[in-house]
Amino acid sequence: MFRGGQQQSGTVTKSQRSCSPFTMSVSVLSITGPLGSISGLLQVASLLGLALLLLKAAQLYLRRQRLLKAVQEFPSPPSHWLFGHKQELQKEEELQLLLKWVENFPCACPRWLWGTEVELMIYDPDYMKLILGRSDPKSEGSYRFMAPWIGYGLLLLNGQTWFQHRRMLTPAFHYDILKPYVGLMADSVQVMLDKWEELLSQNSSLEIFGHISLMTLDTIMKCAFSYQGNHQADRNSQSYLQAIRDLNILVYSRIRNVFYQKDIIYRLTPEGRLNHRACQLAHQHTDRVIKMRKAQLQEEGELDKVRSKRHLDFLDILLFAQRENGNSFSDKDLRAEVDTFMFEGHDTTASGISWILYALATHPEHQQRCREEVQSLLGDGASITWDHLDQMPYTTMCIKEALRLYPPVPAVGRELSKPITFPDGRSLPKVMRSGSRSGFQVARGCTWAPQVFDPSRFAPDSSQHSHAFLPFSGGPRNCIGKQFAMNEMKVAVALTLLRFELAPDPFRVPVPFPRIVLKSKNGIHLHLRKLL
């Protein structure tokens, strides 16, 4: 038509051209031509998009089928093909539901996070001994979300780099280093208890977790980071603790949300922006600690004084390692280890102490027996030393029993690097995520009466499986600071029982809230009565 129009154009006058059908045809073509091209492109793009969508759907379907085959030997509650077990977990408290699963599915149970993501929850000691005794890496699917917060330090590292960092930092927890820490721990606890005594004049009921978090942060700052002063009244400490509370919730929520797995999407969400801001606040705190210690070491004679020590504190080990191996131990590596231990060294211990005091408050007969033991050891005074810590057997038994019921870290994860066969013959292929439950479900058989508070489980003459109690994980990747943590728990419990009688608040019963660290949804409220 366009070509025919060109042939006619020589036979029409100027006035005719202004209103001829030919002129109209050209003008319509000039519009419809590009529109037709765009429409064609849109059709092609739509077809490509549909093809990619179908390809992705096929990939997800095949992945789900592979996962179903991988866990076919392990029965589990029915799960939705898309939402997994999310709907069931929303109907009731997560921990209570998991306990029901443990009763119905021995040893291990698959938990579907969503249709194409599953983890095998393991709560049998024999299973856990096998898993934790291997050198499998931490589960990339969940632990990587902590990297923007704590970096790749000892918690997140794998392989040879992890081994090098572990070997470098082990001397920071030598007995000769830990002994003088007991006095520093006692000082921090006494500051907290003095504050509690003042608050009792206003209200006998107190939310203890926030106060204990300040105390444990104060302790780790003085012990591991050579930081002086009272941090329990420091605004910077308050903002840091709030950032840690936010990150506990945000990271756990991201792990459980299928739409938040990609960084590029997560950063655009309100939760992603809040996560970024909380990481900045946490890093400001640790950067300030590193900067101040570096400045102290620059003072005349201080460097030689520290170097002459037989054993160095945690941060000094890192700073000297950087001086000697700057190329292989960067500022980023240094900050990652400080972020890791600043978090782990205070938050997990705060959780442990808070739940221990709650357990003793709800079992007054055991509380009184612990108090009598501490009084016979320390008298009415409040001084406590390293030598006292091994002379509190019953208090130690109660601490361990509380940690069994309320483990500070509810679970640890591994990603299998090779297939595994469990003692009962069931097996898993490699690159399968497994989650080992630290304490809630680790109870062998009904004779353990797992939800009953019974310190006699840990009596010296009792027998139990080596992996039936794992508050600090197990195997080669167990918690490097476990002795430090146990010492601090003993000091805090002993000194608290000397000063106060504890009772639960019947109107505010804590609801265990498993995140990275075990918290309570509504805080941990106790009634305190000052002892004469």
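The table below lists the values:
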| quantity | calculated |
| --- | --- |
| Degrees separating the helix 331-361 axis from the principal Cα axis of the chain, which is the longest one | 60 degrees |
| Percent of C-alpha pairs per 5 Å bin, the range 278-386, short to long | 2, 9, 14, 14, 14, 10, 9, 10, 10, 6, 2, 0 |
| Computed E for residue 258/residue 421 - FRET, C-beta separation, R0 25 angstrom, nearest 0.05 | 0.20 |
| Tilt relative to the chain, helix 94-104 - C-alpha long axis, 0 to 90 degrees, to 10 | 80 degrees |
| Spherically averaged projected area in nm², based on the convex hull that wraps the Cα atoms of the range 308-363 | 5.3 nm² |
| The range 479-532-the range 123-183 distance, computed between alpha-carbon centres (Å) | 25 Å |
| Straight-distance crosslink candidates among lysines, where the alpha carbon sits under 24 Å from residue 56 and sequence neighbours closer than 8 are dropped | 69, 86, 262, 430 |
| Rg to Rh quotient for the range 94-229, alpha carbon positions, Kirkwood Rh | 1.07 |
| Note, ³J(HN,Hα) from phi for the range 108-124, Karplus 6.51, -1.76, 1.60, rounded to Hz, x at Gly and Pro | 7, 8, x, 10, 8, 6, 7, x, 10, 9, 9, 10, 9, 6, 10, 9, 9 |
| The range 185-248 shape via C-alpha gyration tensor axes, a/c threshold 1.5 | oblate |
| Under 5 Å, built H, 5+ apart or other chain: amide partners of residue 118 | 113 |
| Ranked packing of 182-188, 305-311, 508-514, most packed first, by mean Cβ within 10 Å | 182-188, 508-514, 305-311 |
| Spin-label model distance (nm) - residue 238 vs residue 60, 7 Å beyond Cα toward Cβ | 4.6 nm |
| As computed over the range 271-312, the Cα convex hull volume per residue (Å³) | 57 Å³ |
| Carbon + sulfur, % of accessible area of the chain - ligands and nucleic acids excluded, 1.4 Å | 57 percent |
| Acute angle (nearest 10 degrees) that the helix 208-224 long axis makes with the longest principal axis of the chain, alpha-carbon atoms | 80 degrees |
| For residue 500, residues with placed amide H under 5 Å, excluding near neighbours | 531 |
| From phi via Karplus (6.51, -1.76, 1.60), per-residue ³J(HN,Hα) for the range 468-475 in Hz, x at Gly/Pro | 8, 9, 9, x, 10, 6, x, x |
| Per-residue [θ]222 nm for the chain (sum of -39500 (n - 2.57) over DSSP H runs n ≥ 4, rounded to 500) | -17500 deg cm²/dmol |
| Note, ³J(HN,Hα) from phi for the range 272-283, Karplus 6.51, -1.76, 1.60, rounded to Hz, x at Gly and Pro | x, 5, 5, 4, 4, 5, 5, 4, 4, 5, 5, 5 |
| Residue-normalised accessible area of the chain, given per residue in Å² at a 1.4 Å probe | 49 Å² |
| Net dipole in debye of the range 64-150 [+1 Lys, Arg Cβ; -1 Asp, Glu Cβ; about Cα centre; nearest 20] | 320 debye |
| The range 186-308: Cα Rg divided by the 2.2 N^0.38 Å rule of thumb | 1.37 |
| Cα gyration tensor shape of the range 53-141, rounded if a/c is under 1.5, else prolate or oblate by comparing a/b with b/c | oblate |
| Under 30 Å from residue 305, Cα to Cα: lysines that are on another chain or at least 8 residues apart | 179, 222, 291, 294, 332, 482 |
| Base-10 log of normalised Debye intensity for the chain (one unit scatterer per alpha-carbon) at q = 0.07 Å⁻¹ | -0.47 |
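The values are calculated or read from the model by the stated rules, or taken from the named source; none is laboratory data. For clarity, every value in this text was computed on a predicted model and none was experimentally measured. Note: ideal-geometry Cβ built from the backbone for every residue, glycine included; neighbour counts use all protein chains shown. Keep in mind that these areas ignore ligands, DNA and RNA; they rest on the heavy atoms of the full protein, side chains included. Shrake-Rupley method; radii C 1.70, N 1.55, O 1.52, S 1.80 Å.
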